[in-house]
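Bear in mind these aren't lab numbers, they're just calculated from the coordinates by the rules spelled out. If you're wondering where the values come from, they're calculated on a predicted model, not measured in any experiment. Cβ placement follows ideal geometry from the backbone for every residue including glycine, while neighbour counts extend to all protein chains displayed.
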C-alpha cells in the first residue's frame, strides 16, 4: 500500500504554508526520522521528517509552491517491492477538515447554524477620516503592520526599545518582531528570561525613568503573572504621584483564543484591563488600525495595553502608505454604515460581525457595524449616535459574558440612550466556560456568525 | 552592636565551596571613622527623621493622619549612611511603604511630606498618594510602594535605564526581610546580574515581616547570601552604626558604578515601633526593644562620639535638637493648616 505524505500543520493556527524545499527526490530511500522537506509557515521554517520507511515514489507538489493547504497530499511513499509507477501523480486536494460527528447540542445552546470558517471575507472598510484622499493602500498582514509600527517608532525615538521572551534572536515567537534585532541591535531589542512578573516590573521602572519600553508578552495569558506590576505600578503611579511621575509603556501581545490550545492559553482579557483607570486599552482588528494605533500607543505618555490576536496576525488588509500614519486612541471606526441596527465589536470579534453583517444585508437588514478599536477610553458617543439612528444594538466579542464589554455598552445605552432603544441590547459573547480542547466543544464555546445573525434578527423582530 | 559575621564557606556542601567563593557574603566592610562634619551631618539627619516620625505618630493618634502609617524609628542609620554614599539627585532611590526617612534624607521638603501624610493639597502627591506614595523627580526618589517587593523589579528597571542611557548612575533599591521572600526579587536578581545592571539591593533586615520573625519566615536567614546562586556579591552590615552603613554603601556603589553589576547589602537594623501604627507588636518582648534602644541606638552612638571627641558640646547638640524640632513643628503646623485638595483633583492625573 503506498503511503500518502500530507502537508503537516506545524502550529496551532496554521492553515497553509509554502513548501520551500524538497530534500529528497523521487526514487530516494527514506528512513523514519529523515528530513524530507522544508516548510515555511508564517512563523518559521520547519523541517519535515519522514515517519515511515520506503522509497519516494512521487513528489506531488513542486518546491517553491505557496499556500499549500494543510492535509494536501504532497508526496507518496512506497514500501520495498511495491510498484512506484502505479501511483497517481495528481496532488490531492486537502480534504474538508475532518468533521467529527457533532454531538447533539445541549438544549440551552442557541440553535446556531454551522459556524462559518474563520477565513476573512473581502470587506470594504469605510474610509477612515484620518487618511487623506488619494492615498495609496498596500496589502499588509497585521503581523507586518505591527512590526512596521515598532520599527518606525524606534527609528524616530531612541528611547523606544522592545523587550520580551524570544523577541530578538528567535525573531519573535509569532514573528511580530522579525528583523528588529538586525536593525536596532541587542541594546534595543532585548530577549528576557521567562520571568513575566520581573520584566514587566523592570520595564515599568525604566518607563518611570523616562524610557519608552514596548513589552511583548508571548501571549497575554502569561501577563497574569505580571498583572500586579501592570496595574499597581504602571497604571496607578501617575495618580498616586499627583501627576509628577507616569509610565509611558506599551504592553502588547496576542490575546484571546488561538486554536485548540486549551483553557490556560485561550482567554480574552479585554474586559479585565478595560476596568482599570490609568490604563489605555487598544484592540485593533485591521492591519491599518494595528499600525496606526500601535504607533500612537508607543507615543502615548500612559501605559497602554495593546491586545493583538494570533489568528489575525496572518490576515491581510489595506494599509495606507503614509510616512507617518498615526491614529487617535479612543476613537471607534464605523466599519460599515447602516440604518436598521447597530452591531458593535472589536478585535477578532469583527471576523464574526463582518460576516454576519454581509449575510444580513442579503436578507434585507442594513446593519451599521462599529469597530471600537479602543476599549479605554471607550468611544461610547459613536455607539450612542448610531443607536439614536437605528434604535437597536448587538455587541459581539469572544470574552466571557459576565462584566463583558457588551455588558458595559448595554448599561451605557440604558443610561444615555434609553429613549432611543426599540429593543433590548443583546450581546453575543464567548460561552461562560473555560475553553475546552476538543474541536467541537471549542467551536461551541466561541461566538459564531449564526449567533450574531440570530441576535440581530431578534432585536429587529424579524 | 556586634555584627554577626556572615557564615561563609558552607560546611554542608563541599561541591559549592569553590564556585561560590568569589561571591560568598563577605565579612562586613569595617566602619571608617567619620570626620566631624560627617558626624554632625549624620546626627542631624537621623534626628530629623526620628523627630519627624515621632510627630507623625502623634498626629496619627490625633486622627490627622489616616490609613497606614509605617514609622522608621530605629532604622535611621540605614538611609542616612546610604544617602552619604550616593550622588543625591543623580542616583535613584526606591523603597517600600516605610518611606518617610528615605524622603527626608534625600532632601525632600518636610512640609510637603507631612502635608501628604495629612492628605492635603501641598503634599508631594497633592494629597492623592498618602504615606506610602510620594515621589520626587528632582531628588530621583521613585517612591513609596505599597506592594511588598514590587519596588524591586521597578528599581532594577531604573538601573536598566541608567545602563541604557550609558550613565554611571546607580539605583538604591531598598526592601525588607519580608519582601526578600517574594519571587519577583529573584526574577530581578537574575536579570540584574545577567545584564550587569547598576543596582544596590539594600535589604533592611529589621527582623520582623510585620509580625513574623525572620526565623519563622526564612529558610536562608542570611540575606546577604540570597544572591549567591546568581553570583551577586553580598555582605552584612551593622545598620545601627551609620559609619558602617556608609562604608558598605561606598563599596557597593563603587562596584555598581564600575559596571560590575548588582550588589546586595543586608543591613541589620531594628524598628522600635510596630509594623504600622495599628500594630501593638506583641510578637516581641518589651525587653528586646528596650535592649536595642539602650545599647545600640544609632543616634546615641553618634551623639556619644561627638561629645567624646569634643566635636560638639551638650549645648551645641541642644541647639541642633531645637532646630530640628522647629522644622518638624513647622511641618506639622503646615500640614494641619494646608487645605484639602480641591475636589477637582479627584479627576486629574488619571491619564496624561
Degrees between helix A:142-156 axis and first principal axis of chain A (Cα, 0 to 90, nearest 10): 60
Taking only Cα atoms of region A:333-459, radius of gyration then Dmax in Å: 13.8, 44
Highest-fluctuation residue, B:248, B:56, B:31 considered, GNM on chain B with Cα pairs under 10 Å: B:31
Nearest-ten-degree value, helix A:349-362 long axis tilted from longest Cα axis of chain A: 90
Percent of beta bridges antiparallel (DSSP, region A:333-459, rounded to nearest 5): 20
Residue exposure sequence - A:30, A:387 - by fewest surrounding Cβ within 10 Å: A:30, A:387
Least to most buried among B:257, A:376, A:155 (fewest other Cβ within 10 Å first): A:155, B:257, A:376
Reduced Cα scattering model of region A:137-320, Debye log10 I(q)/I(0), q = 0.16 Å⁻¹: -0.92
Angle between chain A longest axis and helix A:449-459 axis [Cα atoms, degrees, rounded to 10]: 30
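Only bridges whose two residues both fall in chain B count here: according to DSSP, what percent of them are antiparallel, nearest 5?
On the way: 3 of 26 bridges.
Given both bridge residues lie in chain B, the antiparallel proportion sits at roughly 10 percent.
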10 Å binning of all Cα-Cα separations within region A:3-80, expressed as whole percents from 0 upward: 21, 56, 21, 2
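If R₀ is 41 angstrom, what is the calculated FRET efficiency for the pair residue A:82 and residue A:45, using the beta carbon separation as r and rounding to 0.05? Could you put the intermediate results ahead of the total?
Numbers: r = 32 Å, r/R0 = 0.77.
After rounding, the FRET efficiency stands at 0.80.
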Over region A:240-383: Kirkwood hydrodynamic radius from C-alpha pairwise inverse distances, Å: 16.2
Förster radius 22 Å - calculated FRET efficiency between residue B:347 and residue A:411 (Cβ-Cβ, nearest 0.05): 0.60
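Hey, got the average number of other protein chain Cβ atoms within 10 angstrom for residues in A:228-239? Write down the numbers at each step before the final one.
Working: counts 5, 6, 0, 1, 4, 9, 1, 2, 4, 10, 6, 11.
That works out to 5 on average.
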Scattering curve values for chain B, log₁₀ I(q)/I(0), Debye with Cα scatterers, q = 0.10 Å⁻¹: -0.59
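Compute the convex hull volume of the Cα atoms of chain A, divide it by the residue count, and report the result per residue in Å³ as a whole number. Don't skip to the end; give the middle numbers.
Values: hull volume 76.1 nm³, N = 462.
With only Cα atoms used, chain A gives 165 Å³ per residue.
Grab the Cα-Cα distance for residue B:58 and residue B:220, subtract it from 0.36 nm times how many residues apart they are, and report the gain in nm with one decimal.
Details: separation 162, 0.36 × 162 = 58.32 nm, distance 3.71 nm.
Taking 0.36 nm per residue and subtracting the Cα distance, the gain is 54.6 nm.
Average projected area of the Cα convex hull of the protein assembly as shown, in nm²? Walk me through the numbers before you get to the answer.
Details: hull surface 171.5 nm².
Computing the convex hull of the Cα atoms and averaging its projections yields 42.9 nm².
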Fewest-first ranking of A:239, A:461, using other Cβ atoms within 10 Å as the exposure measure: A:461, A:239
Gain upon complete extension [residue B:285, residue B:311; 0.36 nm per residue less C-alpha separation]: 5.7 nm
For chain A, share of DSSP beta bridges that run antiparallel, in % to the nearest 5: 50
Per-residue average of Cβ from other chains inside 10 Å of B:185-191: 5
Calculated FRET efficiency for the pair residue B:340/residue B:38, C-beta based, R₀ 35 Å, to 0.05: 0.30
Average partner coverage of A:270-279, which counts Cβ from other chains inside 10 Å: 1
